[in-house]
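Each remark here refers to the structure printed beneath this line.
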Amino acid sequence: MQRDITEIEQKLWDGLIRIILQDLREAWKAVTEVDFTVDAMETEPQMVRVLAPNEAVVAIGVEVKRVKPSA
């Protein structure tokens, strides 16, 4: 049975992701300044295509881009 993500669940995920991104920034601070951002979030199990639609899953993809500072 599929259902939409609730507002409470969305706020919990947003908070958790914010904490993870801040921890990643701190971990890389000694090496270089890195800005981690969320580009998109998908909540439809059919779009993720990892497990059956009734399975709970979190899939995280990471893409690293070097952004040249503007002069």
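Some notes on this structure:
- For the range 15-60, a tally of residues being at pLDDT 70 or above, in a loop (DSSP other than H, G, I, E, B) and over 17 Å from residue 5 (Cβ atoms) returns 10.
- Selection count where residues are at pLDDT 80 or above and surrounded by 11 or more Cβ atoms within 10 Å (Cβ to Cβ), scope the range 1-14: 5
The values are calculated or read from the model by the stated rules, or taken from the named source; none is laboratory data. Everything numeric in this text was worked out from a predicted model, so none of it was measured. Ideal geometry is used to build each Cβ from the backbone, glycine not excepted, and the neighbour counts take in all protein chains shown.
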